[in-house]
């Protein structure tokens, strides 16, 4: 009896290890990236372009590299880009997702950092721009933000008569619960970033 129990446990551990290896394989990561791109397009109207996606299911962390964001209406005029975006999720996010029957749940982020983000707002003479439009009823799920690390921010605003640029800034928003329709607060003191 003890031998059978031991074999079952070894088999279960082996199957779990194989499943984790398969989930981290390049084809699985490519599939996840395609799903993220499709979700951004269908739910937010945003064209997400990323060179690569890496993640670790054991640490609940993920990283996108070579990111470019544009609206579906202006796909050739991105409003944001970044060299990298790294996110770590709290275990309660995964537990809440599983307990809720794999439906939407509140998202708890423990680490969020953005490397070399570039925000470029372009307004045309007719008043149109390259920014996404968010509907007020986009989502009811909330998320908890940690302090956010932003390195080497590059911001520009261009319209026919005016142009403004800001380079090399860093900001860390204050942590707290933010609903998906509210804007995060920006900390004025960034010494703790």
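The values are calculated or read from the model by the stated rules, or taken from the named source; none is laboratory data. The model shown is predicted, which means the values in this text are computed figures rather than measured ones. Glycine gets a Cβ as well: all are built from the backbone with ideal geometry, and neighbour counts include every protein chain shown.
Whenever a residue of region 17-40 is at positive phi and without any contact (Cβ under 8 Å) to a residue 60 or more places away in the chain, it has no partner that is part of a helix (DSSP H, G or I) and surrounded by 10 or more Cβ atoms within 10 Å (Cβ to Cβ) lying with C-beta atoms less than 7 angstrom away and at least six residues away or across chains.
Across region 9-24, not a single residue is classified as in contact with a strand residue (DSSP E or B) (Cβ under 7 Å, 6 or more places away or on another chain) and either within 24 Å of residue 146 (Cα to Cα) or in a helix (DSSP H, G or I) (or both). The set of residues in region 28-65 being surrounded by 12 or more Cβ atoms within 10 Å (Cβ to Cβ) and in a loop (DSSP other than H, G, I, E, B) consists of 45, 57, 60. A Cβ distance below 9 Å, combined with a sequence gap of six or more or placement on separate chains, defines the contacts here; from region 121-146, residues that are under 21 Å from residue 87 (Cα atoms) reach residues that are assigned to a loop (DSSP other than H, G, I, E, B) and modelled with pLDDT of 65 or more in the pairs 141/106; 142/106; 143/106; 144/90; 144/106.
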